[in-house]
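Chemist: I'd like to ask you about the structure that follows.
The numbers here are math on the coordinates, done by the rules we state, and not lab data. Computed from a predicted structure; not experimentally measured. Here the Cβ positions follow ideal geometry from the backbone for every residue, glycine too, while neighbour counts run over all protein chains shown.
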Amino acid sequence: MLTTMDDVVTVKDLMRELGYDDEGRAVRAALRKAFPGHPKNSRWDPLSPVQISFVRKSVSPKR
């Protein structure tokens, strides 16, 4: 798990951390539900600390 505040965390980083092999679909789906104001078809990376925390709490690890 990435823990320092200086780390840049991406959708793919969280995907791997949570054990998914779906090109980030599960992580992006959770982000879309929680942050509906995010511009459609735009990149999520790098993720904010709030987004990272939300994904870690709401997406169950697959392992």
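Chemist: Tell me which label goes with the value of log10 I(q)/I(0) by the Debye sum over Cα atoms at q = 0.13, 0.22 Å⁻¹ computed from the coordinates here: [x] -0.30, -0.88; [y] -0.50, -1.05; [z] -0.59, -0.90.
Modeler: [x]
Chemist: Further question on the same structure: Under 26 Å between alpha carbons, and skipping anything fewer than 8 positions from Lys62 in its own chain: which lysines qualify?
Modeler: Filter leaves Lys12, Lys33.
Chemist: With unit charges on the beta carbons (Lys and Arg positive, Asp and Glu negative) and the dipole taken about the Cα centre of the stretch 11-58, which residue among Ser53, Pro36, Leu14 sits farthest to the positive side?
Modeler: So the residue furthest toward the plus end is Pro36.
Chemist: At 222 nm, what value in deg cm²/dmol follows for the chain if DSSP H runs of at least 4 each add -39500 (n - 2.57) and the sum is divided by all its residues, to the nearest 500?
Modeler: Values: 3 runs with 27 residues, N = 63.
Value at 222 nm, helices only, nearest 500: -12000 deg cm²/dmol.
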